[in-house]
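The values are calculated or read from the model by the stated rules, or taken from the named source; none is laboratory data. None of the values given here were measured: they were computed from a predicted structure. Every residue, glycine among them, receives a Cβ derived from its backbone with ideal geometry; neighbour counts consider all protein chains shown. Accessible surface areas use protein heavy atoms only, side chains included; no ligands, DNA or RNA. Shrake-Rupley method; radii C 1.70, N 1.55, O 1.52, S 1.80 Å.
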Amino acid sequence: MPALDVSRRGFLAGAAAAPAAASLAAPAQRRGGEGEGGGWDAIIVGAGVFGAWTAWQLQASGARVLLVDAWAPAHAQSSSGGETRLIRTEYRADPLYTRWAWESLAEWKALSARHEGSLFHETGALYIYPRGDPVIGRSVALQRSLGIPIDTLSQAQLSRRWPQMNFDGIAVGVLQPTMGALMARRSVQMLVHDFVARGGSYREVAVAPPAVRGRLDAVSSRQGERLAADRFVFACGPWLPKLFPTVVGARIVPIRKEVFFFVPERGDERFAAPQMPAFVDVSSNDLHYGFPDIEARGFKVALDLSGPVIDPDTADRRVTDQGLADVRGYLRRRFPDLADRPLAEARVCQYENTDNGNLIIDRHPDAPNVWIAGGGSGHGFKHGPSLGRYLAALMAGGGKAEDRFLLASHRPHAGEGEIRQRAD
Ligand SMILES: Cc1cc2nc3c(=O)[nH]c(=O)nc-3n(C[C@H](O)[C@H](O)[C@H](O)COP(=O)(O)OP(=O)(O)OC[C@H]3O[C@@H](n4cnc5c(N)ncnc54)[C@H](O)[C@@H]3O)c2cc1C
């Protein structure tokens with residue numbers, strides 16, 4: 001999720017050219033599959049945020065697309081299955097992620113507008129920093145150059161504006177008033193709904209790890225059903241290492257994240273939008289972030305940085321007493337009136353972290369028609385629309401591949417255990 005980290009300073013500069021995807025459909029030679037006319041142009045394995053948006057963008061380019069998932073779109077164990085995800089363009093002056101987040105926001109808003117009940121809540125996003133840093137100024141300037149509304153605030157201004165928050169130790173705040181919270185699970189489910197309503201196909205299929213040796217003609221379900229297509233995308237989130245133990249392997253490591261929701265006092269609106277924005281506290285050692293009380297689910301707060309390695313299939317999804325105590329300690333410092341409020345709900349999810357937080361979007365090295373997309377590293381959700389558009393363009397032979405997304409640009413994580421890495 002959030003920003004500012006030393007390990008991110010190596011981000012390559014420069015923006016990806018991602019022209020509109022050329023049609024995949026036109027030259028495709030139909031193979032024996034289930035698509036009308038005898039074959040799919042593309043099968044997307046994984047209906048999380050990355051797979052769903054890739055399916056959507058490919059379909060928008062005219063391709064006939066089958067989207068499959070072993071469970072369901074944004075199901076409880078998937079990384080996209082949470083309640084809310086922050087959308088923000090504060091990206092440490094990184095031009096590509098800043099632009100992708102901004103361009104994606106327009107598509108998230110369009111999705112939200114198609115459905116009753118908002119999928120995007122414009123709560124604003126507030127970053128608070130313990131000290132000034134030239135990169136903050138560069139990031140603000142970059143965002144202004146893209147037309148993104150943004151304000152910087154001193155500690156005194158922050159305290160006047162949000163007296164329910166304690167800004168001790170904070171030197172500067174950056175407020176992005178038009179950013180906010182996506183209703184994550186619902187957004188993916190609505191997107192898949194729209195994809196199907198516009199002629200796409202969705203099926204529940206658990207795909208067996210493919211034996212990739214040269215061009216792939218079909219994938220098989222675990223029950224042995226064969227699904228043929230011209231091209232394949234595997235957007236399997238934290239399961240990618242299981243599907244591609246050699247090619248992906250430890251380039252993606254799922255780490256455990258605990259998320260807590262607290263009930264504000266009845267009638268106390270200070271911790272709900274619009275009185276309270278979503279926030280990222282760069283001053284705390286482990287980088288806390290949170291959301292105001294949205295749709296009466298409670299005030300959400302979590303730690304961003306560290307976590308033990310987990311298996312998404314077998315992880316114990318009960319939160320720990322230690323995790324709860326840590327978060328209450330944080331609330332006592334920053335939101336004292338919430339520190340003793342009852343816990344409404346808690347969840348255990350996983351980040352699917354890469355070594356440097358960059359996404360992985362690349363062609364399988366042994367198959368020209370197989371693509372891998374993942375490694376959201378705790379910040380990928382917001383980029384779904386841009387990622388889908390970028391990948392659709394690459395698959396159609398257009399667009400420029402960004403070095404940072406290549407498999408070869410990611411080192412496998414060394415060893416197991418606690419991983420401390422800022423997922424920007
Ligand atoms: C607690 C938490 C907070 C986060 N906060 C933010 C945030 O504020 N902002 C932000 O932008 N991002 C955030 N993220 C990151 C973001 O949510 C993830 O990076 C993103 O959801 C990953 O999506 P995905 O599609 O790659 O994976 P997933 O959502 O996990 O989807 C992968 C899908 O593949 C399917 N699959 C796997 N194997 C198979 C198979 N063999 N056959 C068929 N289907 C298969 C799975 O069932 C699953 O549905 C957060 C993540 C977490 C966990």
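A few comments on the model shown:
- Distance in nm between pseudo-label sites at ARG363 and GLU116 (7 Å out along the Cβ direction from Cα): 4.7
- The amide H of ARG64, built 1.01 Å from its N in the peptide plane, has ASP41, ALA42 as neighbours under 5 Å, considering only residues 5 or more places off or on other chains.
- Net charge of the neighbourhood of GLY237, taken over other residues with C-beta under 14 Å away and scored Lys/Arg +1, Asp/Glu -1, is +1.
- Rounded to the nearest 5, the antiparallel percentage of DSSP beta bridges internal to the chain is 70%.
- Per the Debye calculation on the range 196-252 with a single equal scatterer at every Cα and no solvent contribution, log₁₀ I(q)/I(0) for q = 0.28 Å⁻¹ amounts to -1.30.
- Between the range 362-397 and the range 130-150, the Cα center-to-center distance that results, in Å: 28
- Between GLU295 and ASP337, the modelled label-to-label distance comes to 2.6 nm, taking each label 7 Å out from Cα in the direction of the beta carbon.
- Probing with 1.4 Å while keeping every protein chain in the model, the per residue accessible area of the chain equals 38 Å².
- With each label modelled as a point 7 angstrom along the Cα→C-beta vector, the GLU345-SER159 pair spans 3.5 nm.
- Between GLY378 and GLU352, the built amide H atoms are under 5 Å apart, and every one of these is 5 or more places off in sequence or on another chain.
- Using the Cβ-Cβ distance between ARG266 and ASP316 with R0 set to 51 Å, the FRET efficiency from 1/(1 + (r/R0)^6) comes to roughly 0.95.
- Compactness ratio for the range 128-236: Cα radius of gyration over 2.2 N^0.38 Å (N = residue count) comes to 1.83.
- Here the Karplus relation 6.51 cos²θ - 1.76 cosθ + 1.60, evaluated at θ = phi - 60°, turns the backbone of the range 70-75 into coupling constants of 5, 10, 6, x, 6, 6 Hz, with x for every Gly and Pro.
- Dividing the C-alpha radius of gyration of the chain by 2.2 N^0.38 Å, with N its residue count, gives 0.96.
- Peptide ranges 199-206, 183-190 listed from the most packed, as the mean C-beta count within 10 angstrom indicates: 183-190, 199-206
- On full extension, the segment bounded by TRP71 and ALA325 gains 88.1 nm, given 0.36 nm per residue less the C-alpha separation.
- Sorted on the mean count of surrounding Cβ atoms within 10 Å across their residues, most packed first, peptides 102-111, 380-389, 61-70 read 380-389, 61-70, 102-111.
- Applying the Kirkwood pairwise sum to the alpha-carbon positions of the range 29-158 produces a hydrodynamic radius of 17.8 angstrom.
- The chain, accessible surface, carbon-and-sulfur percent (1.4 angstrom probe): 51
- For the chain, modelled as a GNM whose springs connect Cα atoms under 10 angstrom apart, the maximal fluctuation among ALA273, ALA315, ALA302 occurs at ALA315.
- Mean separation of Cα contacts under 8 Å, 6 or more apart, over the residue count of the range 231-371: relative contact order %: 35
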